[in-house]
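Since every read-out is calculated from the coordinates, none of them should be taken as a lab result. Treat the numbers as computed from the prediction; the structure is a model and nothing was measured. Backbone-built Cβ (ideal geometry, glycine too); neighbour counts: all protein chains shown.
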Amino acid sequence: MKEVTYRFIGVIHSPFKEPKGVPIQPSAARGIKGTVEVFPEYSQGLKDIEGFSHIILIYHFHL
């Protein structure tokens, strides 16, 4: 395999707008809230998600 290609299916929103100040470890981010927005055309993939206790997000940092 020479290449991996992926498409964005949503956006993670957080209070951080630039790399400076973003916590490196989760323990430094206690109490900080963020949201995940899944684009409408992919919302069917969330069907029955309530039945799970956790989800895994694969993300790509960019500014």
Subset tally (residues that are hydrophobic (A, V, I, L, M, F, W, C) and closer than 17 Å to residue 58 by Cβ) for segment 2-33: 5
Segment 7-31 - residue that is under 14 Å from the mean Cα position of the chain (by Cα), part of a loop (DSSP other than H, G, I, E, B) and not polar (S, T, N, Q) and, of those, surrounded by the fewest Cβ atoms within 10 Å (Cβ to Cβ): 7
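For segment 32-52: of the residues being aliphatic (A, V, I, L, M) and not in a helix (DSSP H, G or I), which is surrounded by the most Cβ atoms within 10 Å (Cβ to Cβ)? Step through it out loud before you land on a result.
First pass over segment 32-52, keeping only residues aliphatic (A, V, I, L, M): 32, 36, 38, 46, 49.
With the extra rule that they be not in a helix (DSSP H, G or I), the set shrinks to 32, 36, 38.
Details: 32: 12, 36: 12, 38: 14.
Across segment 32-52, the extreme among qualifying residues is 38.
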